[in-house]
Each structure stands twice: as C-alpha cells, then as structure tokens.
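Taking it in order: structure first as structure tokens, then the write-up.
The values are calculated or read from the model by the stated rules, or taken from the named source; none is laboratory data. Quick caveat: nothing in here was measured; it's all calculated off a predicted structure. Here the Cβ is made from the backbone with ideal geometry for all residues, glycine too, and neighbour counts use every protein chain on show. Keep in mind that these areas ignore ligands, DNA and RNA; they rest on the heavy atoms of the full protein, side chains included. Shrake-Rupley method; radii C 1.70, N 1.55, O 1.52, S 1.80 Å.
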Amino acid sequence: MAKRFSNESPISDVLQLIIEQNKLTFGIDKVEVVTAWKSLMGNGVNHYTQGVELKGSTLYVSLSSSVLREELSYGKDKIIAMLNEELRREVVKDLVLR
C-alpha cells in the first residue's frame, strides 16, 4: 500500500516520492546531464557540440571538431567528476566522445 503523508509534508518530499514510484529518475537524469554539460563546458565547447545523450551510465557526446574531441579526451576523468559533482551524485561513469 502507498505511503501516506500528512498535510504538512514538504513539497520536495512529495515530488521525490512521485519520481521514485513512477520510476522517472533515469529520464530526469537524461535531461539534467545535458543541462550540466552545457553549463560546465561553456560557449566554446557548446558551439561544437552536436548532441549529448545518456545511455545507462555512459554519456555520449557528439562533437563537430576532431581537434576539440582530442583535447577533451585527455581530461575525461575530470569531466566525469565535474558532471557528477554538478548533479550531486554519480550518474556518469564513462564518457564517449565521437
């Protein structure tokens, strides 16, 4: 049976319960990781970013510049750490630049 809240429950608790019961966490992660990528990478990288997609725990980023792709590949671990810090939990475990 569903857990019942009193009328004095904070809205954040109610929303979190709805998200968990309807298994919406992964869909929200997909949206939040795109937003985090755009905010962390800035206009320079975003100009060459063609697509950002989260599949499981792997983030796939399509870039139009091979030079930028090579530069970002050197800092994959740091980018993953920055994204997870921005999301406040470990969502991204691997980064594939293509």
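List the pair-distance distribution P(r) of the stretch 14-98, using every Cα-Cα distance, as the percent of pairs falling in each 10 Å bin from 0 up to the bin containing the longest distance, rounded to whole percents.
All Cα pairs considered, the percentages come to 17, 51, 23, 8, 1.
Take every Cα-Cα distance within the stretch 43-83, group them into 10 Å bins from 0 onward, and report for each bin the whole-number percent of pairs it holds.
P(r) for the stretch 43-83, in whole percents per bin: 26, 63, 11.
Rounded to the nearest 5, what % of DSSP beta bridges with both residues in the chain are antiparallel?
Here the antiparallel bridges make up roughly 60 percent for the chain.
Calculate the dipole size of the chain relative to its Cα centre from +1 charges on Lys and Arg beta carbons and -1 charges on Asp and Glu beta carbons; express the result in debye to the nearest 20. Please report the intermediate quantities before stating the final value.
Details: 13 positive and 13 negative charges, 46 e Å.
My answer is approximately 220 debye.
Could you tell me what percent of the accessible area of the chain is made up of carbon and sulfur, with a 1.4 Å probe and every protein chain present?
Working: 3520 of 6990 Å².
Ligands and nucleic acids excluded, carbon and sulfur reach 50 percent.
Which is the longest stretch in the chain that no exposed loop site breaks, taking sites as GluC sites (Glu not before Pro) with a DSSP loop state and at most 14 other Cβ atoms within 10 Å?
Working: sites that count: 8, 90.
So the longest stretch without any such site is 9-89.
Rolling a 1.4 angstrom probe over the protein heavy atoms, how many square angstrom per residue are accessible across the chain? Let's see the in-between values first.
Values: 6990 Å² over 98 residues.
Using a 1.4 Å probe on heavy atoms only, each residue of the chain averages 71 Å².
Could you put 60, 74 in order of accessible surface area, largest first, with the 1.4 Å probe and the full protein assembly present? Each step should come with its number before you reach the end.
On the way: 60 60, 74 170 Å².
The most accessible residue leads, giving 74, 60.
Sort 29, 13 by accessible area with a 1.4 Å probe, largest first. Intermediate values should be presented prior to the final figure.
Working: 29 15, 13 75 Å².
The ranking, largest first, comes out as 13, 29.
I'd like the FRET efficiency for residue 96 and residue 14, computed as 1/(1 + (r/R0)^6) with the beta carbon distance as r and R0 of 30 Å, rounded to 0.05.
Values: r = 37 Å, r/R0 = 1.22.
Calculated transfer efficiency: 0.25.
Which of the listed residues, 96, 9, 22, is farthest toward the dipole's positive end in the chain, when Lys, Arg count +1 and Asp, Glu count -1 at the beta-carbon?
Of 96, 9, 22, it is 22.
Find the lysine pairs in the chain meeting two conditions, Cα atoms under 15 Å apart and a separation of 8 or more places or different chains, and report how many there are. Please report the intermediate quantities before stating the final value.
On the way: 30/38; 30/55; 30/93; 55/93; 76/93; 78/93.
So the count of such lysine pairs works out to 6.
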